[in-house]
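Each reported figure results from applying straightforward, stated rules to the coordinates on display, with no laboratory input. All values derive from a computational prediction rather than experimental measurement. Heads up, the Cβs are rebuilt from the backbone with ideal geometry, glycines too, and the neighbour counts pull from every protein chain shown.
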Amino acid sequence: MSSNNNPDWLADDSQHVWHPYSAINSGLPVFPIESADGVRLKLSDGRELIDGMASWWCAIHGYNHPVLNAAINKQLESMAHVMFGGLTHQPAVALASKLIDITPEAFQSVFFSDSGSVSVEVAMKMAIQYWHTKEQPQKQKFLTVRGGYHGDTFGAMSVCDPVTGMHSLFANSISQQFFVDVPTRGFGETCNDDDMQPMQAALEEYGNNIAAVILEPVVQGAGGMRFYSADYLNRLRELCDEHNALLIFDEIATGFGRTGKLFALEHCEITPDILCLGKSLTGGYMTLAATLTTNEVSQTISNGEPGLFMHGPTFMANPLACSVALASINLLLDSPWQENIGRIEQQLKQELQACTTLESVKEVRVLGAIGVVEMKQPVDMKTLPQQFVDEGVWVRPFGKLVYLMPPFIIQPDELSILTKAIYKVISKI
Ligand SMILES: Cc1ncc(COP(=O)(O)O)c(C=O)c1O
């Protein structure tokens, strides 16, 4: 970066500030951002980048949206925050009601928390407390599939892929959970008994100790960007019922339209017992997550011993976050979001197809507004981000995956710039 783009605070950043999955003084580039508007990020040197990441899949309406800005400004006039213990406010209740309205009827209660990881912790604790109340306190373990990602706190981390989640690093601190192999049937395929055999065997062997099965429905996101059979989830529901395990869906990445349905669970014919939402819940404006559950789970916990659910974050149901979340959901539902996602899906399919001709590419796959180019080898994060920036786009690969999850408002010409940049940059690998 030239010196006029490198003010002193950038040196401070490098020396003192951790970034996600980073080292202090790593020498890896970080790009200073001045502002963001629509699908464009503006760097401090004035260059504009078309955003292919939606800020880790959250900014579904793009940036600086007048409706979302207005929601926050209006809420600011009355209060930015107030504790949620013993007090309540309209933004939280209105948002909870909205979430109950737009999710399957079974979900009747909502627990707000600060981040996706915490909403997963909450889901896991709900499952444990449920079985405790049912006089099965030995049911404290979780079963999941390899290749998942559920967050970075200890409970959430314990159900992330053991290898990519580096469980060995935290071996004496992390709970040991049960894992089966990634589902092999692809999206749109049906499953047979053989496909379910690993899950069935694990539930038969360890079911007595399993509080819940947790997974990301249909799309494994940060664990590998894999799409798998919705029928696997239909059959999993039956197995969970047979073996007295709750079913938790983590829709933190897939919720709010990303896969072409409002929630990925709509690709299947069943509902889980607990549902985690986060990321695009606030349209990417503020950090907020929600764990939804059924009357059966919430009433059991509430009526049992100790008669309360053991979790209560300081910033629970922050009014600014709840207000902007409600505005974001209404904005989404009032927009032609299905058309937008369908259009993005078709264009990604057409334009990323070219990448399949490259020697370095293993596979291209697209579902909804998710376009993935899986490389044969991990990409070089020292050089690739800079190359994308030089092409005028913001694309941040991880491992072998170069992918796009753009804001839903992206226009065809802007999306083409992203897909062309991907082809151009990876064709040099
Ligand atoms: C499916 C899933 N669950 C949980 C999380 C963790 O969310 P957060 O980063 O908000 O803690 C993520 C984040 O990428 C995710 O994709």
For Lys141, the lysines lying under 20 Å Cα to Cα, once residues fewer than eight places off in the same chain are dropped, come out as Lys125
Per the charge dipole of the chain (beta-carbon charges, Lys/Arg positive, Asp/Glu negative, Cα centre), the residue among Ala201, Ile100, Ala369 reaching farthest to the positive end is Ala369
Of the DSSP H helices in the chain, the ones reaching 15 Å or more along their long axis in Cα terms and averaging at least 0.0 in Kyte-Doolittle hydropathy are 90-102, 116-133, 319-334, 412-426
Of all stretches in the chain that avoid GluC sites (Glu not before Pro) placed in a DSSP loop and having at most 15 other Cβ atoms within 10 Å, the longest is 1-104
The lysines whose Cα lies under 23 Å from the Cα of Lys98, excluding any fewer than 8 residues away in the same chain, are Lys74, Lys261, Lys279
Per DSSP loop assignment and a cutoff of at most 11 other beta carbons within 10 Å, the chain keeps its longest run without exposed chymotrypsin sites (Phe, Trp or Tyr not before Pro) at 22-429
Here the Cα Rg-to-2.2 N^0.38 Å ratio for segment 323-423 is 1.16
Of Val180, Val39, Val17, the most mobile residue in a GNM of the chain (C-alpha springs, cutoff 10 Å) is Val17
Going residue by residue through segment 166-180, the Karplus relation 6.51 cos²θ - 1.76 cosθ + 1.60 with θ = phi - 60° gives ³J(HN,Hα) values, rounded to whole Hz and with x marking Gly or Pro, of 6, 4, 4, 4, 10, 3, 8, 10, 8, 5, 7, 10, 9, 10, 10
In whole Å, largest first, the alpha carbons of the chain cover along the principal axes 65, 56, 45
Answer in debye to the nearest 20: the dipole magnitude of the chain about its Cα centre, from +1 Lys/Arg and -1 Asp/Glu charges placed on Cβ, is 580
Whole-Å distance linking the alpha carbon centroid of segment 220-290 with that of segment 320-398 is 19
CD proxy, 222 nm, the chain: helix-only mean residue ellipticity via -39,500 (n - 2.57) per DSSP H run with n ≥ 4, per residue, nearest 500, stands at -11000 deg cm²/dmol
Treating only Lys and Arg (+1) and Asp and Glu (-1) as charged, each at its beta carbon, one finds that segment 30-117 has a dipole about its Cα centre, in Debye to the nearest 20, of 60
